[in-house]
Amino acid sequence: DTAVSQTPKYLVTQMGNDKSIKCEQNLGHDTMYWYKQDSKKFLKIMFSYNNKELIINETVPNRFSPKSPDKAHLNLHINSLELGDSAVYFCASSRLPSTNYGYTFGSGTRLTVV
Amino acid sequence: AQKVTQAQTEISVVEKEDVTLDCVYETRDTTYYLFWYKQPPSGELVFLIRRNSFDEQNEISGRYSWNFQKSTSSFNFTITASQVVDSAVYFCALSEVSGNTGKLIFGQGTTLQVKP
């Protein structure tokens, strides 16, 4: 019944590894997002996909690559993980115009790079 | 450029006190939406309110109330008779209608600690 589900909830990995975080929504929304929350709690958008098309790509290192196989899924793949990638990553979904319909956030994935 | 400022980094109150969390925003758009989210210690983001730029009526929901003033670009949040369960990080956020990207711009967050 979870509206926006992210897996895994916790991820601990070594520097240099490649990892993926998966996100799925069952709300029928057409737009999905990835937000990063750093150690100071600051939340910033990374990517947004609308109907599988990339519409927001903030200044994120090339090591981060989102993939949206369909409207209900938005995965985040990170190559060559660095210590600074440690953060909580939130997936969200909405129906555009999202300002009319609001957003639903997943519960977050806490990534720790050691 | 769009920006949301929550000048209060941390606030500590004793239970039953009233507390106001400030939020000031900047935008060139005439149509935009403002949000408040709560992030309890468990980490999830909980939606509290959405307000559009054309609706300046204050809103009250139980112990929560919001004061939107376009003249000062502020959207402040007051908790009346605070409780320990209100302890959380609170985020104010802005979304512009133009561009239709759905991008949410968050403030830095205010950590509220309510002591028994």
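Details
Every residue, every condition in (1) more than 10 Å from chain A (Cβ to nearest Cβ); (2) without any contact (Cβ under 8 Å) to a residue 24 or more places away in the chain; (3) farther than 27 Å from residue A:91 by Cα; (4) surrounded by fewer than 16 Cβ atoms within 10 Å (Cβ to Cβ), yes or no:
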| residue | (1), (2), (3), (4) |
| --- | --- |
| B:21 | yes, no, no, no |
| B:60 | yes, yes, yes, yes |
| B:65 | yes, yes, yes, no |
| B:71 | yes, yes, yes, yes |
| B:104 | no, no, no, no |
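- Index of the failed condition, residue A:44 passing every other in (1) closer than 13 Å to residue A:91 by Cβ; (2) not in a loop (DSSP other than H, G, I, E, B): (1)
- Residue A:112 modelled with pLDDT under 95, among the β-branched types (Val, Ile, Thr), over 12 Å from the mean Cα position of the chain (by Cα) and under 17 Å from residue A:7 (Cβ atoms): no
- Residue that is without any contact (Cβ under 8 Å) to a residue 24 or more places away in the chain, part of a strand (DSSP E or B) and among the aliphatic types (A, V, I, L, M), where the choices are A:11, A:111, A:76, A:54: A:54
- For residue B:41: the one exception among (1) at negative phi; (2) touching a residue at least 40 places away in the same chain (Cβ under 8 Å); (3) surrounded by 12 or more Cβ atoms within 10 Å (Cβ to Cβ): (3)
- Verdict on residue B:116 being touching a helix residue (DSSP H, G or I) at 6+ places or on another chain (Cβ under 7 Å), modelled with pLDDT of 90 or more and not hydrophobic (A, V, I, L, M, F, W, C): yes
- Among the candidates A:61, A:66, residue that is more than 12 Å from chain B (Cβ to nearest Cβ), surrounded by fewer than 17 Cβ atoms within 10 Å (Cβ to Cβ) and either within 12 Å of the chain's Cα centre (by Cα) or in a loop (DSSP other than H, G, I, E, B) (or both): A:61
- When residue B:78 is tested against the conditions (1) within 15 Å of residue B:95 (Cα to Cα); (2) outside any loop (DSSP other than H, G, I, E, B), the lone failure is (1).
- Residues of the stretch A:24-49 that turn out to be farther than 17 Å from residue A:85 by Cβ and either within 14 Å of chain B (Cβ to nearest Cβ) or crowded, with 19+ Cβ neighbours inside 10 Å (or both), as a count: 10
The values are calculated or read from the model by the stated rules, or taken from the named source; none is laboratory data. None of these values were measured; they are calculated from a predicted model. Quick reminder, even Gly has a Cβ in these numbers, built from the backbone with ideal geometry, and neighbours come from all protein chains shown.
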